[in-house]
Amino acid sequence: MKIHIVSETQHLFKGNGVHTAFLDHVELLKSNDDVETVVNNKGLGDIYHSHTYGPYYFLKGLAYRGKRVHTVHVIPDSIKGSIPMSKTMMPLVKWYFKKVYSYADVCLAISPMVEEAIRETGAETEIIRIQNPINLEKWQRTPQNRAKGRALLGLSPDAFVVLGVGQLQARKGVEDFIDVATAMPEAQFVWAGGRPLKAMTEGLARIAARMASAPDNLKFTGLLDLETMPLIYAAADVMLFPSYQENCPLAPIEGAASGLPVVFRDIVEYRHLYEYAYLKASSTEEFITKTRELMTDRNFYEDAVAHSKQLVVQFDKDKIREKLIGVYERLDNGVPSYLMSWLLEG
């Protein structure tokens, strides 16, 4: 069986979680020889699996009627705080995503909230919940990577480093991260991420002005290659993830897999998504309090590291791969979509 994996991020916007998930998907399938893979325009396969939803998705899918899979990374609410005029565009966005989801024979919902959002559009598709996997070996911190990461970032070996990861847009909470850094001159802050959407990024001028006036203890790295990110996580002591809307974000799980305490914003999506306990903050003041406690209380820090180790168990790559292969086999064998979930659960 040959799986044709497609993502328009390969040609357009690489600095985001969707592109990371696409690369992880290719790597995951290639980790065993039970299936073959075809990536983007390099041939045809038996099953079509797309991570993005632009013209390429519809065009490449024409040859795969009845065998289309789409991983839903983006829902209508994802545009809030991401692109300008999101409120005005929302009716069109909802209409378009209904078309996107309905085009697939199976939509993979990466979280409970994503599954709910797909249903709310009225899309006619089978929905199966499969989360993004994490390769623990890739993200393990080593003393060598820590030294390399700090050298790359120009950081002192003895600095207490607080990391933020994400696009430079309001939805990701970068402005809140700047506020935390301003309130904590005793720590070093680093934000890793850029603007893959360029001029289409919400709040471009406002956030640029905030960055220009940011305190000296805050560094912005811009877009980084995925291969560099293990060094960036290894260089840090704590990760803050102040994003206001997420589905199944990879960055905080990568941070947790690196052994970092991760402080999430307390949003409803995570309450439905995560099976285990996690550190959370509801406001900038709480992010400051939690960060200071992690900086000064060793017992609290070790407990937070234990939370991270437990949190990543849910995203075991081997179990997720097994579920994916099950979806592909049933589609390839022509199993009706209405039986798909029942068979997988059975």
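Observations on the model:
- Every listed requirement among (1) over 22 Å from PHE160 (Cα atoms); (2) in contact with a helix residue (DSSP H, G or I) (Cβ under 9 Å, 6 or more places away or on another chain); (3) of a type in the set (A, V, I, L, M, F, W, C) is met by LEU223 save one, (2).
- TYR328 being part of a helix (DSSP H, G or I), modelled with pLDDT under 95 and among the hydroxyl-bearing types (Ser, Thr, Tyr): no
- Subset of segment 289-318 [under 18 Å from LEU250 (Cα atoms) and among the hydroxyl-bearing types (Ser, Thr, Tyr)]: SER308
- Residue pairs whose Cβ atoms lie under 8 Å apart, sitting 6 or more positions apart in sequence or on different chains, and linking a residue in segment 298-322 that is more than 19 Å from LYS280 (Cβ to Cβ) to a partner that is assigned to a helix (DSSP H, G or I) and aliphatic (A, V, I, L, M), are LYS317/LEU28; LYS317/LEU136; ILE320/LEU28; ARG321/LEU28; ARG321/LEU29.
- Taken across segment 46-57, residues that are part of a helix (DSSP H, G or I) and within 25 Å of ASN333 (Cβ to Cβ) do occur, with at least one present.
- Residue identified as crowded, with 21+ Cβ neighbours inside 10 Å, out of contact with any Asp or Glu (no Cβ under 8 Å at 6 or more places or on another chain) and at pLDDT 95 or above among VAL161, VAL106, VAL180: VAL180
- Pick from segment 267-316, criterion charged (D, E, K, R) and in contact with a helix residue (DSSP H, G or I) (Cβ under 6 Å, 6 or more places away or on another chain), ranking: surrounded by the most Cβ atoms within 10 Å (Cβ to Cβ): GLU269
- You will find that of ARG330, ARG321, the residue that is under 18 Å from the mean Cα position of the chain (by Cα) and in the same structural domain as ILE128 (by TED's automatic domain parsing) is ARG321 and no other.
- Every residue from segment 131-151 that is surrounded by fewer than 20 Cβ atoms within 10 Å (Cβ to Cβ) and either small (Gly, Ala, Ser) or within 21 Å of the chain's Cα centre (by Cα) (or both): ASN135, LEU136, GLU137, LYS138, GLN140, ARG141, ALA147, ALA151
- Output for segment 107-163, where each listed residue is under 23 Å from VAL190 (Cα atoms) and of a type in the set (Lys, Arg): LYS138, ARG141, ARG146, LYS148, ARG150
- Unique residue being closer than 25 Å to SER111 by Cβ, among the charged types (D, E, K, R), touching a strand residue (DSSP E or B) at 6+ places or on another chain (Cβ under 7 Å) and modelled with pLDDT under 95 when the list is LYS317, LYS290, LYS280: LYS317
- For ILE79: the one exception among (1) modelled with pLDDT of 95 or more; (2) buried (at least 20 other Cβ atoms within 10 Å of the Cβ): (1)
- Pairing each residue of segment 36-47 that is touching a residue at least 60 places away in the same chain (Cβ under 8 Å) with any residue that is among the aromatic types (Phe, Trp, Tyr), provided the two are 6+ apart or on different chains, yields C-beta distances under 9 Å for ASP46/TYR64; ASP46/TYR328; ILE47/TYR64; ILE47/TYR328.
- Being in contact with a Ser or Thr (Cβ under 7 Å, 6 or more places away or on another chain), outside the structural domain of GLY166 (by TED's automatic domain parsing), surrounded by fewer than 20 Cβ atoms within 10 Å (Cβ to Cβ) and within 29 Å of PRO242 (Cα to Cα) holds for only one residue in LYS94, LYS87, and it is LYS94.
- Test: residue in segment 259-270 that is touching a Ser or Thr at 6+ places or on another chain (Cβ under 7 Å) and without any contact (Cβ under 8 Å) to a residue 24 or more places away in the chain: yes
- Among the strands (runs of 3 or more DSSP E) confined to segment 123-234, the ones with at least 3 residues that are touching a residue at least 40 places away in the same chain (Cβ under 8 Å), under 24 Å from ILE110 (Cα atoms) and not assigned by TED's automatic domain parsing to the domain that holds GLU246 are located at 126-129.
The values are calculated or read from the model by the stated rules, or taken from the named source; none is laboratory data. Please read these numbers as outputs of a predicted model, since none were measured by experiment. Glycine also receives a Cβ, built like all others from the backbone with ideal geometry; neighbour counts cover every protein chain displayed.
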